[in-house]
Amino acid sequence: LDLDGNCIYSVYKELDYATNFAANGTGEWKDSGLGEAFEAARKNPDEINVIDWKPYGPSAGALASFLSTGIRSESGSLVGVFVTQMPPESKPIDSQEEMEQTILELHGMFHDFTYGKINVGIHPPATQIIVDHLRIVADMWSFLRVSLQGALSLQALQNATNYIATLMLAVAALNDVLVDQAWLFAPALQGTKINVANRQLALLQGMLKDVILISLDGFNASRDGLNASMMTYEVNHELLVGGNTDGSVLAKADVPPSTSTESLSLLVAVQTSWLVLKPPLQDIANGGPATEPIVRIINDLVRAAVEAMDAAAVHFASTTITTTMMVLEILAPMPMTGNWAAGQTFRTAAFLAEGLINEQQLILPG
């Protein structure tokens with residue numbers, strides 16, 4: 001930018017190119033982060049001025065931070081301002097901000113699961129036993145939420161870590177109830193497979209938590225525990241791919257193999273993200289350092305793995321078990337056609353029986 005605030009050169013030539021950024025000018029984006037960067041460099045031309053993150057209009061509203069400094073001629077005269085725009089992926093991780101956002105999201109999710117939110121496909125709990133277990137988890141979450149919003153300290157982190165372990169046991173019990181109820185009322189739903197996929201998501205997030213705690217001198221997270229979580233994750237992945245049955249689901253705990261092109265494609269993406277994440281996790285589990293740069297890398301890799309696993313979990317949750325339909329002849333020793341009135345009555349009853357048999361699958365399972 002020249003000393004009047006005109007953008008005379010831009011690498012990407014966005015909407016800000018050839019506009020003015022002086023605070024007393026008339027430029028459209030003068031009040032933006034780049035405008036602040038220009039004014040900061042005019043006041044402190046020999047320093048690196050940092051403008052904090054905020055949406056930047058010329059970049060389609062994406063978050064942007066700016067660094068600026070003055071440009072001097074060979075004689076030492078100030079001749080312009082150099083500004084560089086930092087992309088969204090360069091934004092430092094604000095753990096406090098992320099935790100507050102996660103707390104709000106979880107609070108909203110518990111409300112939706114308890115009372116339903118039909119416009120996004122969330123129905124109220126179908127049975128009382130689900131309501132009872134959901135309330136237990138929701139009450140425990142409410143207690144934890146207060147703790148997380150309190151004063152930050154190592155002791156508070158220790159208490160929260162211990163309580164989360166108890167909360168996860170209640171969540172596991174809720175998931176077991178959901179699988180039981182799905183088997184009773186919707187046997188075509190892959191309840192156990194969905195549960196395994198969701199456990200994979202919890203394992204990924206748990207491994208990240210353990211890495212962070214190890215970086216803070218351990219707490220209750222052990223390197224052996226991290227190693228165990230990694231092994232469990234890989235066993236579960238094999239179960240999601242190959243299943244534990246030949247495909248004809250006869251029991252609640254059966255997991256059918258993934259055979260569709262979409263399922264296998266999603267699981268390949270899951271495995272690819274895991275193979276990238278596994279080496280740095282394994283290094284820490286084996287006693288390697290958990291420095292801040294390494295933790296940041298693992299945080300990004302876990303996000304990618306969670307995104308891939310979540311896509312697979314959503315797919316399994318929206319896919320029902322299908323069966324091959326075939327004609328089955330049932331002997332009926334009476335005429336059901338023609339003019340005989342009784343035959344027409346029996347024909348109606350037979351259609352009703354056929355519907356009940358196919359719906360309930362008690363006489364002819366599958």
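The values are calculated or read from the model by the stated rules, or taken from the named source; none is laboratory data. Note that the structure is predicted; figures quoted are calculated from it, not measured. Glycine gets a Cβ as well: all are built from the backbone with ideal geometry, and neighbour counts include every protein chain shown. Ligands, DNA and RNA are excluded from the accessible area calculation, which covers all protein heavy atoms including side chains. Shrake-Rupley method; radii C 1.70, N 1.55, O 1.52, S 1.80 Å.
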Of the numbered conditions (1) open to solvent by less than 70 Å² (accessible area, probe 1.4 Å); (2) of a type in the set (D, E, K, R); (3) over 30 Å from Asn299 (Cβ atoms), Asp112 fails exactly one; give the number of that condition.
-> (3)
Test: Gly191 is on the phi > 0 side of the Ramachandran plot and buried (at least 17 other Cβ atoms within 10 Å of the Cβ) = no
So Ala18, is it out of contact with any helix residue (DSSP H, G or I) (no Cβ under 7 Å at 6 or more places or on another chain) and either exposed (fewer than 12 other Cβ atoms within 10 Å of the Cβ) or under 17 Å from Asp2 (Cβ atoms) (or both) = yes
From the list Met336, Met325, which residue is modelled with pLDDT under 85 and touching a Phe, Trp or Tyr at 6+ places or on another chain (Cβ under 6 Å)?
-> Met336
Pairs, please: C-beta under 8 Å, at least 6 apart or cross-chain, first residue among the β-branched types (Val, Ile, Thr) and in the stretch 63-74, second part of a strand (DSSP E or B) and open to solvent by less than 40 Å² (accessible area, probe 1.4 Å)?
-> Thr69/Asn49; Thr69/Val81; Ile71/Gly80; Ile71/Val81
Among what's in the stretch 249-270 and is among the polar types (S, T, N, Q) and open to solvent by 60 Å² or more (accessible area, probe 1.4 Å), pick the residue that is nearest to the chain's Cα centre (by Cα).
-> Ser265
In the stretch 139-150, is there at least one residue being open to solvent by 30 Å² or more (accessible area, probe 1.4 Å) and of a type in the set (Lys, Arg)?
-> yes
Filter result (within 19 Å of Gly70 (Cβ to Cβ) and surrounded by fewer than 20 Cβ atoms within 10 Å (Cβ to Cβ)) within the stretch 26-35 | Lys30
What number goes with the only condition from (1) open to solvent by less than 90 Å² (accessible area, probe 1.4 Å); (2) of a type in the set (Gly, Ala, Ser); (3) more than 30 Å from Lys54 (Cβ to Cβ) that Ala126 does not pass?
-> (1)
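Here's the yes/no breakdown for (1) open to solvent by 50 Å² or more (accessible area, probe 1.4 Å); (2) of a type outside the set (A, V, I, L, M); (3) in contact (Cβ under 8 Å) with a residue 24 or more places away in the chain; (4) in a loop (DSSP other than H, G, I, E, B):
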| position | (1), (2), (3), (4) |
| --- | --- |
| Glu98 | yes, yes, no, no |
| Thr161 | no, yes, yes, no |
| Leu167 | no, no, yes, no |
| Ala172 | no, no, no, no |
| Arg199 | yes, yes, yes, no |
Could you say which residue among Gly206, Gly225 is in a helix (DSSP H, G or I), farther than 22 Å from Thr102 by Cβ and among the small types (Gly, Ala, Ser)?
-> Gly225
Being modelled with pLDDT of 75 or more and over 21 Å from Glu234 (Cβ atoms) narrows it down to one of Val295, Val302, so name that one.
-> Val295
